[in-house]
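What follows is a short report on a single structure.
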Amino acid sequence: MIQLPALPYGEGDLAPHIYAETLSFHYGKHHKAYVDNTNKLIEGTDLANASLEDIVRAAAGKPEKKGLFNNAAQVWNHNFYWQSLSPKGGGQPTGRLMDLINAAFGDFAKFKEELAKASVTQFGSGWAWLVLVDGKLRIEQTSNAETPITDPAKKPLLTIDVWEHAYYVDFRNRRPDYVNAVIDRLLNWDFAARNLG
Ligand code: MN
């Protein structure tokens, strides 16, 4: 049995970028439904007491476990997304994380441009990620529920949800405006630095 973790802030705390109505549906309905569906699918199976990460990895790439993968991976991705945002977010990272960004992308402005481009150009539903691979930072896109944690070589640092349910209430079809608001005002660089370890 897996749990819906508490939001790390109040539903209204990401305003005026993402408002409480979005959080109420995105966390309270979408994310909760992924948790409930996962629990229904693992009940009475050998994954009933497994960790969320183990459930995602056990179901990945198995056509007969596609429904379980989609729900469990979406739970993991949303757990990670809420922590990737902060009411006190935005700005720039410091220290080793900033050094790695400069090494991989040239400078912070170029990094922001690349992250925005990956977020905006992900066709349909999915995610944009900042991941560490072989000691280097990389920006990646995943579709639907796909997640970097199915590859043991990848350590995710931050993510942006680009499913329409993440921005349609606040931004309608303006995904680029949502993405820029997240990058400039909400990204939680302390969380990214902790993930870097
Ligand atoms: Mn979502």
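The values are calculated or read from the model by the stated rules, or taken from the named source; none is laboratory data. Being a predicted model, the structure only gives us computed values, none of them experimental. Here Cβ is always computed from backbone atoms with ideal geometry, including for glycine, and neighbour counts include all displayed protein chains. These area figures cover heavy atoms from the full protein model, side chains too; ligands, DNA and RNA do not enter into them. Shrake-Rupley method; radii C 1.70, N 1.55, O 1.52, S 1.80 Å.
Scanning segment 16-43 for residues that are of a type in the set (Val, Ile, Thr) and either surrounded by fewer than 15 Cβ atoms within 10 Å (Cβ to Cβ) or within 22 Å of Leu186 (Cα to Cα) (or both) returns Ile18, Thr22. Looking at Asp54, Asp13, Asp46, just one residue is more than 13 Å from Val169 (Cβ to Cβ) and surrounded by 14 or more Cβ atoms within 10 Å (Cβ to Cβ), and that residue is Asp13.
Scanning segment 117-169 for residues that are within 16 Å of the ligand (Cβ to nearest atom), of a type outside the set (A, V, I, L, M), surrounded by fewer than 21 Cβ atoms within 10 Å (Cβ to Cβ) and assigned to a helix (DSSP H, G or I) yields Glu164, His165, Tyr168.
Report, by residue number, each residue of segment 1-59 that is away from the ligand (no atom under 16 Å from the Cβ) and either modelled with pLDDT under 95 or among the aromatic types (Phe, Trp, Tyr) (or both). Tyr9 - this is the single residue of segment 1-59 that is away from the ligand (no atom under 16 Å from the Cβ) and either modelled with pLDDT under 95 or among the aromatic types (Phe, Trp, Tyr) (or both). Exactly one residue among Glu146, Glu113 is among the acidic types (Asp, Glu), closer than 19 Å to Ala60 by Cα and out of contact with any Asp or Glu (no Cβ under 6 Å at 6 or more places or on another chain), and that residue is Glu146. In segment 173-188, the residues that are polar (S, T, N, Q) reach residues that are part of a helix (DSSP H, G or I) with C-beta atoms within less than 6 angstrom, at least six apart or across chains, in these pairs: Asn188/Ser84.
Restricting to segment 71-83, give me the number of residues that are open to solvent by less than 10 Å² (accessible area, probe 1.4 Å) and either in contact with a Lys or Arg (Cβ under 6 Å, 6 or more places away or on another chain) or away from the ligand (no atom under 12 Å from the Cβ) (or both). Residues in segment 71-83 being open to solvent by less than 10 Å² (accessible area, probe 1.4 Å) and either in contact with a Lys or Arg (Cβ under 6 Å, 6 or more places away or on another chain) or away from the ligand (no atom under 12 Å from the Cβ) (or both): 1 in total.
Tallying residues that are in contact with a helix residue (DSSP H, G or I) (Cβ under 6 Å, 6 or more places away or on another chain) and open to solvent by 60 Å² or more (accessible area, probe 1.4 Å) within segment 58-70 yields 1.
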